[in-house]
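Structure first, then comments.
Derivation of every value follows stated rules applied to the coordinates shown; laboratory data play no part. From a predicted model like this one, the values you see are computed outputs, not experimental measurements. In this analysis, Cβ positions are derived from the backbone assuming ideal geometry, glycine residues included, and neighbour counts consider all displayed protein chains.
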Amino acid sequence: MTPVLAKIVFVVMAVAWYAIRLPHARRAGRTPVTRSARGTRERVLLAISLTGLGIVPFLYVATGLPRMAERSFEPWLAGLGVALALAALVVFRLTHKALGRNWSVSLDVREGHKLIESGIYGRVRHPMYTAFWLWALAQALLLPNWVAGLSGLVGFGTLYGFRIEQEERLMVETFGDEYRDYSRRTARLIPWIY
């Protein structure tokens, strides 16, 4: 594993991420939203996450900036990053497949929205967030730059920290006791860790 190859893996991961999401976004976009928690706060959180997981690392991959934040490249860390990137893509694909038309980039409830409790959602309530955490960890291991590598953890961590309780509340308001029961028997992010 070389630094150039690690950067290529990062770019391929991003392209694959987009390829997985695009058809689901198009399909879900045709299903009307009946309830939403979108607003300025949500847009700011999405922008922070995009900056950390997209803008900063791609600036680094394209230009090498910021050079003063370079760290030594460790091939074994990059190899672990490749494994986490693959895991992120698998989890990401499974979440989109399970959600179908219920999927949304934001906190939305769609017409005919159902609580998904099968597939990956049979064990984890928020596997999409699990996929993003795996992405952020992969980024940190693949990119040998303290700023670009860690920006995903900071950017997504900010979104997660300020959004997860709001999302859980929206699900309780929408599904009531059905969601409360589901929450009791599933983990938030990692199976078997409640």
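Spot the failing condition for S106; the list is (1) assigned to a helix (DSSP H, G or I); (2) within 13 Å of the chain's Cα centre (by Cα); (3) small (G, A, S); (4) closer than 23 Å to L170 by Cα, and only one is missed.
That leaves (1) as the condition not met.
Return the residues of the stretch 118-137 that are part of a helix (DSSP H, G or I), crowded, with 21+ Cβ neighbours inside 10 Å and not hydrophobic (A, V, I, L, M, F, W, C); say none if nothing qualifies.
P127, T130
What residue, among those in the stretch 155-189 that are small (G, A, S) and assigned to a helix (DSSP H, G or I), is surrounded by the most Cβ atoms within 10 Å (Cβ to Cβ)? Don't jump to the end; show me each part of the working.
At the first step, the residues of the stretch 155-189 found to be small (G, A, S) are 155, 157, 161, 176, 183, 187.
If we keep only those that are assigned to a helix (DSSP H, G or I) as well, we get 155, 157, 161, 183.
On the way: G155: 26, G157: 17, G161: 10, S183: 16.
My answer is G155.
If a residue must be outside any helix (DSSP H, G or I) and of a type in the set (G, A, S), how many such residues does the stretch 44-103 contain? Before you say what the answer is, go through the steps one by one.
Of the residues in the stretch 44-103, the ones outside any helix (DSSP H, G or I) are 64-66, 70-74, 103.
Now restrict to residues that are of a type in the set (G, A, S): 64, 72.
Looking only at that region, the number is 2.
For the stretch 138-154, check the following and say yes or no: at least one residue is buried (at least 16 other Cβ atoms within 10 Å of the Cβ), free of Cβ contacts under 8 Å to residues at least 60 places away in the same chain and within 30 Å of K7 (Cβ to Cβ).
Kept after step one, since they are buried (at least 16 other Cβ atoms within 10 Å of the Cβ), are these residues of the stretch 138-154: 138-145, 147-154.
Narrowing further to those that are free of Cβ contacts under 8 Å to residues at least 60 places away in the same chain: 140, 150.
The next check asks that each one be within 30 Å of K7 (Cβ to Cβ); those that pass are 140, 150.
Yes.
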